[in-house]
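Trainee: Questions regarding the structure given below will be posed in turn.
The values are calculated or read from the model by the stated rules, or taken from the named source; none is laboratory data. Remember, predicted model here, so these are calculated numbers, not experimental data. We place every Cβ from the backbone using ideal geometry, glycine too, and count neighbours over all the protein chains shown.
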Amino acid sequence: MSTVRLDDSNQVVPMLECSGITMSFGGIPVLRGISFSLEPGTVTALAGENGAGKSTLMKIASGQYRPIDGTVQVRGQDLVSGNPQAAYELGVAIVPQELASIPEMMVYENLFIGREVKTRLGTLDRAAMVKAARGYLTEFGLETDPKTRMRDLPVGIRQIIEIIKATHRGARVLLLDEPTSAIAEREVARLATIVRSLRDQGVAILFTTHKMEEIRAMADRVVVLRDGTLVSDTPLADISDDGIVTAMIGRELDQLFPERPDASNDVVLEVKDLVITVGPTPINFTVRKGEILGLAGLVGAGRTELIECIYGIRKPHSGTVTLSGSVLKAGSPQDSIARNLAIVPEDRKGAGAILSMSILDNATLPRIAAFSRFGVLSRRKRRSAISEVMKSMRLKSNGLDQNLENLSGGNQQKVVFGRWLTGQVDALLLDEPTRGVDVGARSEIYRIITELSAAGMAVIMASSDMPEILSLSHRALVMRETGVVGELDRNQLDSPDVQDTIFRLASGLQAEPLKDNTP
Amino acid sequence: MNSTATAPAALQPSNWKELAGNFLVRHIMVVVMLLIVAFFAYRSARFATPDNLTNILIAAAPFALIALGQTLVILTGGIDLSVGSVMAASAMAAAWTAKNAGDNLLLPLMAAVVAGLLAGSINGFIVSQFGVPPFITTLGMLTLASGFAYVIGDGAPINGLPATFGSFANTQILGLTLPVILMIVAILSLAFIMKRTNYGLRVYAIGGNRLAAEIAGVRSRRILFSVYAISGLLAGLSGLMLASRVITGAPNLGQGYELDAIAAVVIGGASLMGGRGTVWGTAIGLLLIQTINNGLDLLLVPAYWQSVIKGVIIVAAVGVDVWAARRGRR
């Protein structure tokens, strides 16, 4: 399929060159005159906050969207835009965020789909495909059996198989859209290795991300988008972490986080001898009035499970949770709500918002008793209470009767958050409170969290976003394998090597952390 | 994307066409209904007479009760396939009681209510406590209840019932028969319950997102149980009315009604995925189906062709609704 050979002449032809790419959806500009190029054997990070235009740019580069203006060239040839097949023929492959693999089919079938190996009789030569597939997998350091069903594999492996599929068909430009958003930290390291080995084979790689660690671990160069404009394009060595973040959000990171007033000494919530599943040492900690307690850890460390146990969505193996002096009934969200405990779950669409219902109804649900008499909802009471709260949350909507499915992620999150605030909240559980929330709404959510804690709420906040833990919390716990492995006070959180400390605790390794990426 | 930017544009007078269009799109089923009514009124002189409209309502009544129960079940994301046979079993239970208890009205009523409620509660219990898919659970109940209906009558209809047995369906108050009144009361009260009470909001919530509803404090198992119990209870009453109309308990009564009930709910704009739909929508849907039945009868369309035409209209109506919804969303 791909017949173009790399020549070793001194002049490097860009693998992919975008010039003046402009795009808009429904009159709203998404990309404004973006120009950049990818050279063979390089890894470029395309960084930017949600909504900066990264995915759109990826889709234009892979021929899925036709830009309003500008051109894409692959090795000097114009890409006929709006034609993914043409891009593919030119050697541009994309691994989308939502993987396109077929879960019910086996690994080798996925690898060969559309270009199956046939026998002389025209039937499928499965043996040959399995053998070839095994070769590819080994080449990429996977020991997966090619006859495993795709759906039985973790997302990280499936993703690597998608990369194999793309590259063994001769892709010279590999576009990875948010490659690490769904995979475990351990798998990120493997992905980084694979990306580097593809780079060494001369493939030009572009990946989108908004995480600093990944940029440091994988990229040679970073291109930053903000609000559809290219704001920075520099070799990684020439830019600091702060520089990248500032470019991404358009202001200093410090301004993102509000001031943090001191906590009081009264204990509001106490977790005692809690064991999530049979395992390591029981978990013990307290949260004081006005305190924000951060929960750090890797994916799968048990942060979400701990929060679910406290709230009562999940029954712990043993142990108790005490709120304002009385023990919470295990496994009963109703009891937790009645005792003024509130939660903002990690999975907003799956566990927080009811998308098919209006803002008003979503916000009524947790405090339904307060808004009704003899089981009949009072119209005026709930409307006025909810509209007041949503105003203080600075919710942007067309009115309280708008369905949540028509709101942006950040505004949905404000509803999931704000619905508790029509009543008293003594303790608040936050699980990844800003996941999938754009930067503008994010700073507002930080402001709200800080204001609530200042008003006396005890807050437990699980987060994978390091700046969030470091800048918001009064104290942080680090979790690993459903146990707490470390506690950091404010002074420790301010120390310069705190990220390393947390990473070491969280991974349980004393080895060098991921950050180090000398090739 | 940007809500503040689009809102003022919609208020400009130049957009009145769009506004009218939006209204039509949003209430497309009412429009379809009016078109169908206009067509029959034009083709048949007898269609638009008060007598005939009463006939439509009388025919709609037993069917309305099960469609309303079905609405609740479908709103939770489930389905109740058993209502037709639960009608039959309840009717047989009522007829058997009437035959053996003599001139008593209360006992047959109780028998039908208890039979319906029992069947619905079993459905609800299995679905909510064991998590068996509603389709399977109620499919089992369909077969089981139908079997019981035949067992009760020893394989034959129960005839020779006291004349008072007919009073459930044939008593008139203010010129309306009891079933029609019951239908109107049921529509009004369920519309109120679904729109204005805690219970209604919780039903929508678990249909929209069960986990999120539970986290917000909804006891989803209770709600799930209740919708199947209500559906069974209404099927029981519906069976009683059908049997009372002809003063006979027939074990095959109500056969296939579940499909018309589901069709009515879906025509009414409900999503089989749960969380979307209204009682008013169902009311429109069932009137639509009944109007078509009645109009085709008046036009002397042969029964088998009626079935073909009805099938086409159901799919077309929902197709138009899906199209309108997609347009409305853009």
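Trainee: Of the numbered conditions (1) within 26 Å of A:Ser464 (Cα to Cα); (2) in a helix (DSSP H, G or I); (3) of a type in the set (A, V, I, L, M), A:Leu175 satisfies every one except a single condition; which is it?
Mentor: (2)
Trainee: Just to verify a result, which residue in the stretch A:142-159, among those that are within 18 Å of A:Ala100 (Cα to Cα) and of a type in the set (S, T, N, Q), is surrounded by the most Cβ atoms within 10 Å (Cβ to Cβ)?
Mentor: Top of the filtered list is A:Gln159.
Trainee: Which helices (runs of 4 or more DSSP H) does the stretch B:204-291 wholly contain that include 2 or more residues that are closer than 29 Å to A:Ala353 by Cα and within 13 Å of chain A (Cβ to nearest Cβ)?
Mentor: Hits in the stretch B:204-291: B:210-215, B:220-246.
Trainee: Could you list, in sequence order, all residues of the stretch A:483-519 that are part of a loop (DSSP other than H, G, I, E, B) and modelled with pLDDT of 85 or more?
Mentor: Once the filter is applied, which keeps residues that are part of a loop (DSSP other than H, G, I, E, B) and modelled with pLDDT of 85 or more, the stretch A:483-519 yields only A:Asp489.
Trainee: Right, here's the next one. Output the residues belonging to the stretch A:374-393 that are in contact with a Gly (Cβ under 7 Å, 6 or more places away or on another chain) and either assigned to a helix (DSSP H, G or I) or within 13 Å of chain B (Cβ to nearest Cβ) (or both).
Mentor: Of everything in the stretch A:374-393, those that are in contact with a Gly (Cβ under 7 Å, 6 or more places away or on another chain) and either assigned to a helix (DSSP H, G or I) or within 13 Å of chain B (Cβ to nearest Cβ) (or both) turn out to be A:Val389, A:Met390.
Trainee: Considering A:Ala458, A:Ala385, A:Ala427, A:Ala476, which residue is among the small types (Gly, Ala, Ser) and under 24 Å from the mean Cα position of the chain (by Cα)?
Mentor: A:Ala476
Trainee: Now for a different question. Taking the stretch A:356-368 as the search range and keeping residues that are under 23 Å from B:Ser271 (Cα atoms) and at the interface with chain B (Cβ under 9 Å from one of its Cβ atoms), which one is surrounded by the most Cβ atoms within 10 Å (Cβ to Cβ)?
Mentor: A:Asn362
Trainee: Is it the case that A:Val195 is in the same structural domain as A:Val74 (by TED's automatic domain parsing), closer than 12 Å to A:Gly41 by Cβ and either part of a helix (DSSP H, G or I) or more than 16 Å from the chain's Cα centre (by Cα) (or both)?
Mentor: So A:Val195 fits the description; yes.
Trainee: A:Asn398 passes all but one of (1) in contact (Cβ under 8 Å) with a residue 12 or more places away in the chain; (2) within 14 Å of chain B (Cβ to nearest Cβ); which number fails?
Mentor: (1)
Trainee: Please state which of the following conditions B:Leu174 fails to meet, knowing it meets all the rest: (1) away from every other protein chain (no Cβ under 14 Å); (2) crowded, with 21+ Cβ neighbours inside 10 Å.
Mentor: The one condition B:Leu174 does not meet is (2).
Trainee: Here is a follow-up. Can you name every residue in the stretch B:113-128 that is surrounded by 24 or more Cβ atoms within 10 Å (Cβ to Cβ) and either among the β-branched types (Val, Ile, Thr) or over 29 Å from B:Gly207 (Cα atoms) (or both)?
Mentor: Of everything in the stretch B:113-128, just one residue is surrounded by 24 or more Cβ atoms within 10 Å (Cβ to Cβ) and either among the β-branched types (Val, Ile, Thr) or over 29 Å from B:Gly207 (Cα atoms) (or both), namely B:Val127.
Trainee: Scan A:Met461, A:Met466, A:Met457 and give me the residue that is hydrophobic (A, V, I, L, M, F, W, C), in the same structural domain as A:Ser495 (by TED's automatic domain parsing) and over 23 Å from A:Val267 (Cβ atoms).
Mentor: A:Met466
Trainee: Filter the stretch B:188-203 for residues that are part of a helix (DSSP H, G or I) and within 7 Å of chain A (Cβ to nearest Cβ); which is surrounded by the fewest Cβ atoms within 10 Å (Cβ to Cβ)?
Mentor: Restricting to residues being part of a helix (DSSP H, G or I) and within 7 Å of chain A (Cβ to nearest Cβ), the top hit is B:Arg196.
Conditions tested, residue by residue: (1) part of a strand (DSSP E or B); (2) modelled with pLDDT of 85 or more.
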site: A:Ser37; (1), (2): yes, yes
site: A:Pro40; (1), (2): no, yes
site: A:Gly51; (1), (2): no, no
site: A:Leu57; (1), (2): no, yes
site: A:Gln73; (1), (2): yes, yes
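Trainee: Considering each of A:Glu178, A:Glu139, A:Glu162 in turn, give the residue that is surrounded by fewer than 17 Cβ atoms within 10 Å (Cβ to Cβ) and either among the charged types (D, E, K, R) or not assigned by TED's automatic domain parsing to the domain that holds A:Ile94 (or both).
Mentor: Every option except A:Glu139 fails the conditions.
Trainee: Answer with yes or no whether B:Leu299 is in contact with a helix residue (DSSP H, G or I) (Cβ under 9 Å, 6 or more places away or on another chain) and crowded, with 20+ Cβ neighbours inside 10 Å.
Mentor: Judged against the criteria, B:Leu299 is not a match.
Trainee: On the given criteria, is B:Ile267 more than 13 Å from the chain's Cα centre (by Cα), surrounded by 24 or more Cβ atoms within 10 Å (Cβ to Cβ) and touching a residue at least 12 places away in the same chain (Cβ under 8 Å)?
Mentor: no
Trainee: The conditions are (1) on the phi < 0 side of the Ramachandran plot; (2) surrounded by fewer than 23 Cβ atoms within 10 Å (Cβ to Cβ), and A:Gly250 fails exactly one of them. Which is it?
Mentor: In the conditions (1) on the phi < 0 side of the Ramachandran plot; (2) surrounded by fewer than 23 Cβ atoms within 10 Å (Cβ to Cβ), A:Gly250 misses (1) alone.
Trainee: Can you list the strands (runs of 3 or more DSSP E) lying wholly within the stretch A:273-355 that have 1 or more residues being more than 14 Å from chain B (Cβ to nearest Cβ) and in contact (Cβ under 8 Å) with a residue 60 or more places away in the chain?
Mentor: Fully inside the stretch A:273-355 and qualifying: A:283-288, A:292-297, A:318-323.
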